Amino acid sequence: MSLKRILTAALILALAACSGKSASQSATAAGGKVAVVTTISTLNSFVQGVGGDLVTVDSIVPIGASPETYQPTPQDIAKLSGAQLLVENGAGLETWLQKMLTNVTDSNLKTVVCADGLPVKGLNPHLWMDPVLAQQYVLKIRDGLIAIDPGHTPQYTKNAADYNVRLALLQKKIQFQIDTIPPAHRYMIVFHNAWQYYNDRFGIKTLGIVEMNPGQEPNPQQIAAIIDLARQHGVHAVFSEPEYSPKILQSIAQGAGVKIVEDLYDDSIGTDPRVANYTSMLQYDTDVIVSALK
Ligand SMILES: [Zn+2]
């Protein structure tokens, strides 16, 4: 065991030892608000939408980082130890979470697993990218907050209903925009498969996925196969997120003679106000996709 590992383990134990405070102490620490921690920043909007001024929310995976390859830090354990509600996606996204939770000794921590009971496709955890499924996330977060803070049931109920009206309007607007893309152009090659639920909802075909397994780069044969598919279908663009290296995408784009779009947001919101919450992020992504595929 390296010195760094030993120090990290010691810090984890120290943090775990001082995390046994009660829910009421946590609430006081957060200024009387329910302290919520999400795993990924994209889920924060749902918590803020339902909780409003009654909650504080922070995420574990930093903005701009990939949840599939994330390594939690001792600070993350401290964050969870002070929280009353953990909102995780589930469906296999946060592979690092269970181990991390064993270091959190606060038995008052309640958990909402957003994807539980929803129609998960294969091993793909990105259900929130479909605003219709996102409405189910909102309802689960509402129920989680009511269980912790039943005194504010009317507010949580109203906020969740209002937020879901916004999601329904967003869904209609996105569909309207996607429908302006000629059907023969409705193909995407994506870096990682965050787009399956969005694409299935709105009628885009995910033609190729560059990185099938998180953190595992494709081999030359796989890259060649994607280039072939792109040529066959006259694909207009390959899409990625800012957190991934553009190197492989550049070779695919050059080989297939298509452009690269590397500013889609899905696992993480961004710091730019245009992508700083879920609804603006999905709107921004849609604008980017439509202009690239038209
Ligand atoms: Zn992802």
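The values are calculated or read from the model by the stated rules, or taken from the named source; none is laboratory data. All values reported here derive from a predicted model rather than from experimental measurement. Neighbour counts are summed over all protein chains in view; Cβ atoms, including those assigned to glycine, are modelled from backbone coordinates with ideal geometry. When the accessible area is computed, the model is the full protein with side chains, heavy atoms only, and any ligands, DNA or RNA have been set aside. Shrake-Rupley method; radii C 1.70, N 1.55, O 1.52, S 1.80 Å.
For this structure, a couple of remarks:
- Of the residues making up region 227-237, not a single one is surrounded by 19 or more Cβ atoms within 10 Å (Cβ to Cβ) and in contact (Cβ under 8 Å) with a residue 60 or more places away in the chain.
- With respect to the stated conditions, ASP143 fails to be within 30 Å of HIS192 (Cα to Cα), open to solvent by 70 Å² or more (accessible area, probe 1.4 Å), free of Cβ contacts under 8 Å to residues at least 40 places away in the same chain and not hydrophobic (A, V, I, L, M, F, W, C).
- Single unsatisfied condition, THR271 versus (1) under 21 Å from TYR198 (Cβ atoms); (2) out of contact with any strand residue (DSSP E or B) (no Cβ under 6 Å at 6 or more places or on another chain); (3) touching a residue at least 40 places away in the same chain (Cβ under 8 Å): (1)
- Criterion: away from the ligand (no atom under 15 Å from the Cβ), β-branched (Val, Ile, Thr) and over 22 Å from ALA134 (Cβ atoms) - qualifying residue of ILE204, ILE260: ILE260
- The single condition among (1) outside any helix (DSSP H, G or I); (2) within 18 Å of MET188 (Cβ to Cβ); (3) of a type in the set (A, V, I, L, M, F, W, C) that LEU229 does not satisfy is (1).
- Within region 106-132, tally of residues that are touching a Cys at 6+ places or on another chain (Cβ under 9 Å) and open to solvent by 10 Å² or more (accessible area, probe 1.4 Å): 0
- Conditions (1) more than 19 Å from ASP58 (Cα to Cα); (2) surrounded by 17 or more Cβ atoms within 10 Å (Cβ to Cβ); number of the one not met by GLN84: (1)
- When region 263-283 is filtered for residues that are surrounded by fewer than 20 Cβ atoms within 10 Å (Cβ to Cβ), of a type in the set (Ser, Thr, Tyr) and either more than 22 Å from THR69 (Cβ to Cβ) or within 16 Å of the ligand (Cβ to nearest atom) (or both), the ones remaining, listed by number, are THR279, SER280.
- Residue identified as free of Cβ contacts under 8 Å to residues at least 24 places away in the same chain and more than 16 Å from the ligand (Cβ to nearest atom) among GLN250, GLN216: GLN250
- Where strands (runs of 3 or more DSSP E) fall entirely within region 39-129, those with at least 1 residues that are without any contact (Cβ under 8 Å) to a residue 60 or more places away in the chain and either farther than 27 Å from HIS152 by Cβ or within 15 Å of the ligand (Cβ to nearest atom) (or both) are at 55-59, 85-88.
- Taken over region 146-163, the criterion of being open to solvent by 60 Å² or more (accessible area, probe 1.4 Å) and within 17 Å of PRO131 (Cα to Cα) is satisfied by ASP162 alone.
- Of all residues in region 177-223, those satisfying the criterion of being open to solvent by 50 Å² or more (accessible area, probe 1.4 Å), under 16 Å from ILE248 (Cβ atoms) and either assigned to a loop (DSSP other than H, G, I, E, B) or aliphatic (A, V, I, L, M) (or both) are MET212, ASN213, PRO214, GLY215, GLN216, GLU217, ASN219.
- Which listed residue is modelled with pLDDT under 95 and within 16 Å of the ligand (Cβ to nearest atom), from ASN193, ASN199: ASN193
- Residue list for region 84-112, restricted to those being modelled with pLDDT of 95 or more and of a type in the set (A, V, I, L, M): LEU85, LEU86, VAL87, ALA91, LEU93, LEU97, VAL112
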